[in-house]
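First up is the structure itself, then whatever we jot down about it.
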Amino acid sequence: MKVVSKFRRYGLATISCGIALAVAWPIDAPASCFLLAVTVSSLFGGLGPGILAVGLSGLAFEYFFLHRTVPPAVEPAVFLRFAVFLVASFVITGLMEIKRRVEEARNRSEDALREAQSDLAHVSRVTTMGELTASLAHEVNQPIAAAVTDANTCLRWLNRDQPDLEEAREAASRTVKDATRAAEIISRTRLLFKKGTPQWELVDVNETIRDMVALMRSEIARHSISVRTELAEDIPPITGDRVQLQQVLMNLMVNGIDAMKDANGTRELVINSQRAEREQVLVSISDTGVGLPAGQADQIFNAFFTTKPNGTGMGLRISRSIVESHGGRLWATDNSPCGASFHLAVPIQAEAHE
């Protein structure tokens with residue numbers, strides 16, 4: 001493949017010089033045409049093809065134009081112009097090579113930055129999941145324990161002197177249902193732990209919200225918090241990365257839970273989805289906790305800013321970056337009389353943004 005690529009780049013230089021000669025011949029303007037050929041060869045081919053274009057242009061200039069149009073009396077001036085042409089050609093080749101290397105360095109830096117951002121988001125996701133280990137274990141243990149109970153019930157019905165097949169069948173069905181539920185919880189958890197490049201696909205926002213509510217059910221119950229979902233039914237799928245959007249919802253739900261852990265009175269987490277103007281989907285997560293930090297509400301999305309004793313200050317920063325990469329925006333408002341709301345708006349037809 002590299003050989004083919006090199007052949008194409010040097011072929012481009014040869015073809016460019018041929019076209020320049022064909023255009024310059026009838027109008028007698030070799031300098032402009034050959035300089036254009038050198039620029040094209042250097043820009044798209046690199047240093048080697050650029051130098052080849054300079055050599056071919058110089059030969060064609062000298063052979064087809066210099067002797068044809070040069071009267072002896074003005075020969076030194078014409079040769080001076082020819083020398084200037086060669087110098088300009090080499091300067092253009094050098095500048096194009098510098099430009100190409102700068103762009104390559106910039107592209108490498110952008111790739112490294114994207115990789116670092118992906119790693120940071122993954123670490124944040126794993127850290128958050130680690131904090132929820134006890135709740136996740138309880139969430140998985142519940143259907144497994146129920147499956148064991150149903151399986152034992154099924155055996156008892158079958159081991160009777162006169163087996164009751166109908167009761168055994170129902171117990172077996174409940175076992176399958178509970179085992180499937182445990183497998184789904186594990187699958188969702190593994191997906192959040194997984195590290196990989198963003199996979200853009202059609203994502204059902206309401207389904208994603210329900211999945212995260214199910215995953216966080218034990219953590220929510222552990223702190224005596226009620227959850228209310230108000231999900232509009234007319235929301236079309238959005239284009240995005242499912243795992244990244246799950247991470248945003250998880251971060252915002254965890255923040256809401258943390259804000260209500262020590263709150264007095266009603267502890268309620270309300271998750272709302274609706275279709276917004278300008279072909280966007282709007283999701284709001286509201287709590288009845290301590291609210292936004294007084295005088296510092298505009299800083300909560302800054303990197304490393306946190307009001308938690310053991311917080312990293314990266315959850316909201318990463319969440320905003322993810323939402324912005326989907327072409328949307330994330331912001332927060334105070335609730336009345338208490339608590340805070342986080343709102344994320346994402347275009348229905350989002351495009352990937354670096």
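The values are calculated or read from the model by the stated rules, or taken from the named source; none is laboratory data. All values derive from a computational prediction rather than experimental measurement. Virtual Cβ from ideal backbone geometry, glycine too; neighbours counted across all protein chains shown. These accessible areas exclude ligands, DNA and RNA; they are computed on the full protein's heavy atoms, side chains included. Shrake-Rupley method; radii C 1.70, N 1.55, O 1.52, S 1.80 Å.
Once both labels are positioned 7 Å from their Cα atoms along Cα-to-Cβ, the gap between R101 and I19 label points is 2.8 nm. Going by accessible surface with a 1.4 Å probe and the largest first, R217, R100, R222 read R222, R217, R100. The slack in the chain from R217 to D298, taken as 0.36 nm per residue of separation less the alpha-carbon distance, amounts to 26.1 nm. Between S5 and R160, the modelled label-to-label distance comes to 7.3 nm, taking each label 7 Å out from Cα in the direction of the beta carbon. In sequence order, region 257-266 has phi-based couplings of 5, 4, 5, 9, 4, 10, 7, 8, x, 5 Hz under the Karplus curve 6.51 cos²θ - 1.76 cosθ + 1.60, θ = phi - 60°, and Gly or Pro positions carry x.
With all protein chains in place and ligands, DNA and RNA left out, the 1.4 Å accessible area ranks I185, I235 as I235, I185, largest first. Solvent-accessible surface (1.4 Å probe) assigned to K177 amounts to roughly 150 Å². Here's how it looks for I348: its modeled amide H is under 5 Å from those of Q280, V281, which are all 5 or more places away or on a different chain. Once both labels are positioned 7 Å from their Cα atoms along Cα-to-Cβ, the gap between A112 and E170 label points is 6.6 nm. To the nearest 10, the accessible area of W157 is 70 Å² with a 1.4 Å probe. You can think of it this way: the chain between D262 and D234 has 6.4 nm of extra reach, that is 0.36 nm per residue less the Cα-Cα gap.
Of the whole protein surface, S173 contributes about 70 Å² of accessible area at a 1.4 Å probe radius.
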